[in-house]
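A short write-up of the structure that comes next.
Nothing in this text is a laboratory measurement; each read-out follows from the coordinates by a stated rule. What you see is a predicted model; the values in this text were computed from it and never measured. All Cβ positions, even for glycine, are placed from backbone atoms using ideal geometry, and neighbour counts span all protein chains on display.
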Amino acid sequence: MTYPPGNPYGGQPGPGGNPYGQPQPGYGQPPPGYGQPPPGYGQPPPGYGQPPPGHGQPQPGYGGPPQPAAGPTGTTLNPQTLPDDDNVNPYVFCVSLSGDWFMSKGAMLAYYGNVRFEAVTEYSSVQGWVAARFSSPVYVQDWVVATGHGKVLIGDRGFDLNAYDLDDGNLTIKANNLCAFSPQLELKQSIVPGFVTLIGTGKFIASSNGPVIFVEPPFRADPEALLGWADCPSPSVHHDAQWMTQNIRAMVSGALGRASGEERQYDFTGTGTILLQSSEVAREDPAVLRLVESQTQLLTPSQAGSLGQRLVARAQQQH
Amino acid sequence: MPFEEVNSKVVRARVSPASPVLARRGAMLGYSGQVTFRPVHGQGRGIGGIAGAALSGESNPMMATEGQGEVLYGYKGLHVTVLELDGAAPLVCEADRLLVHDAGLQTSVQFLGSGGIKQAIGGAMTGQGLFTTNVHGRGSVALLSHGGAFPLQLNGTQVGVDPQAYVGHVGQLTVDLAARVGFRDVVGRGSGEAFQLRIGGYGTVYVQASEQKF
């Protein structure tokens, strides 16, 4: 298990003076590599979350180079000073739009220029290529196509944003955390519920709670902390046998209330890279309801009836 | 075994048969190696032991992590601060701020009321609780905070802290509640800073950059 060097603290001053310059070497090579938090980015303010003096290693110099105009504390930004396809600060990304981009609904914060946002609908799309590129009917309602020329600023819940370059690769990511992707990429629904897979060559932007952590299989991840994976086979679900037996014992003795979910992990094998974040407060993913609903097609009418009764009982319990 | 800060929100613990760790339940992000998790009941031998812990509400569901491997811990995107306790003085904090600590450390529940009825009432009014958790021994602790915690060094000086921003403290410190409740507070037009914790002595106070409790 290795983490890319330079991650997460103590970046060196970035080349070219832009501390947020995403280096983005070809994704897919083993670390150091893709999507690695750029130098000088995401560093904490002095003393922030750091061990107190005398309790740890000395902290490398904070910051990096003096902030250029595009820094978070810099001067007022205009279309000329906004970066091209780069981070404005750790939480805001600027897409230099010339043509089309797919964007998640609600990700757009502001824009300059002549940009139109059109719903991605499966069949009545402005162009046929949308349907060909966006082959996930469950997620269609949550996405728009931004068309035109200008600069679009995107953000997501104040989370850290990172741009990733795919080079003839595939990467599966939590649907809630995908903010935007270029139309050269193809989006497909992953077998794992709540995740989507991007295939091809192009750029996409995804959010994470805290900097992204890269690990290599074999590894087991908590479903809530899993951000995505690249190049490895889809995970299987691992149940911790010891935890389960302990839990049953505890339940028998009546001492323990509820399961925490720690007994269930996604098990990764093979080769590839796993992307992790600090687990976030779960946000309602509207697609999950549609996903589950489409699965109920498998049920017989009597099964559907008893499921409905159980769901009604559960909904009433929570009120 | 000290914890390694992977980033501001995630710590990595190396677990071996000789050094298991105790963590908040649900805080495991992922692991590699032969590692098993076992639910345990959080608090140790405090006042009244487990019964006291259940009464006080300071009984956080914990789990033991055993085996050989590396485990990543984080919780709901909250910031993490790693402290090394030298055993000279206990760490005082609330139980739900403990993300993970060495299994060799002992935790106990302290009843604030022993400091007098004034302090007990103060605890109830500030939402600080009537009970806090003491962590004794020598080892590593990872504390949760909202917005990141920063240390304030006290050398016989005194500092006033917003009760909601207070995370915990280490050292020979006295914590006292200062209430300046005037007529304006009663009618809801106060500054919102009517209650303050006055902390004095020698040690370190940890304060988070947010007034959000969790």
Per residue of B:141-153, how many C-beta atoms from partner chains lie within 10 Å of its own C-beta, taken as a mean?
3
Of the listed pairs A:174/B:76; A:105/A:174; A:151/A:188; A:174/A:203; B:9/B:76, those with alpha carbons more than 18 Å apart are A:151/A:188
Which of the peptides B:93-102, A:152-161 is most tightly packed, and how do the rest follow, judged by the mean count of other Cβ atoms within 10 Å per residue?
B:93-102, A:152-161
Label-point separation, residue B:155 to residue B:209 (7 Å along Cα→Cβ), nm:
2.6
At a Förster distance of 25 Å, what's the computed FRET efficiency of residue A:118 paired with residue A:234, Cβ-Cβ distance as r, to 0.05?
0.20
Give me a single rounded figure for A:213-225: the average over its residues of other chain Cβ atoms within 10 Å of their Cβ.
5
For residue A:313 and residue A:184, what is the calculated FRET efficiency with R₀ set at 45 Å and r taken between the beta-carbons, to the nearest 0.05?
0.40
Taking the Cβ-Cβ separation of residue B:19 and residue A:110 as r and a Förster radius of 41 Å, what is the calculated FRET efficiency to the nearest 0.05?
0.25
Simple spin-label estimate for residue A:135/residue A:296, 7 Å along Cα→Cβ, in nm, reads 2.8
How crowded by other chains is B:81-93, given as the mean number of beta carbons from other chains within 10 Å of each beta carbon?
2
What value in Å³ per residue do you get for the convex hull of the alpha-carbon atoms in the range A:171-241?
102
